[in-house]
Amino acid sequence: MQSVRFGVIGLGNMGSVHCANLAGNVENASLAVICDSDPKRLAAAARKAGVTQVVFDRGGFLFHGRVKALAEAAREGGLEF
C-alpha cells in the first residue's frame, strides 16, 4: 500500500498530537510538512518528529523583518536550513 503524506498547520494542543501520531504511529502515513507561527514551537515539534533539516522558501528574497526573526529563532531551536 502506498504511503499517504500529511501536513500539520498549527502546532497548538491538537496539532502537536497530530504531528506526533503522523510522525510514526500511523501505518502507511508520513508527516511531510509542519507549520506554525511560533518558530520555537515549530523547531521543538520538528526535532520531536526526528527532523533536523528544513527548507525555508523565501522566494529569492533576503531574510529581513519578521522572516529574519523566524529564521533566527528556528536556527536557535536547532533546525538547519
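Bear in mind that the values in this text are calculations on the coordinates, not laboratory data. Quick caveat: nothing in here was measured; it's all calculated off a predicted structure. Using ideal geometry, Cβ is built from the backbone for each residue, glycine included, and neighbour counts are taken over all protein chains shown.
Key figures for this structure:
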{"read-out": "Inter-site label distance for A73 and K40 at 7 Å from Cα along Cβ, in nm", "value": "0.8 nm"}
{"read-out": "Potential extension, R66-A29 segment - 0.36 nm per residue separation minus Cα distance", "value": "10.0 nm"}
{"read-out": "Net charge of neighbours whose Cβ lies under 13 Å from the Cβ of V8, counting Lys and Arg as +1 and Asp and Glu as -1", "value": "+2"}
{"read-out": "R0 of 22 Å, Cβ-Cβ distance R5-R47: FRET efficiency to nearest 0.05", "value": "0.65"}
{"read-out": "Gyration tensor (alpha-carbon) shape descriptor, the stretch 1-44, a/c threshold 1.5", "value": "prolate"}
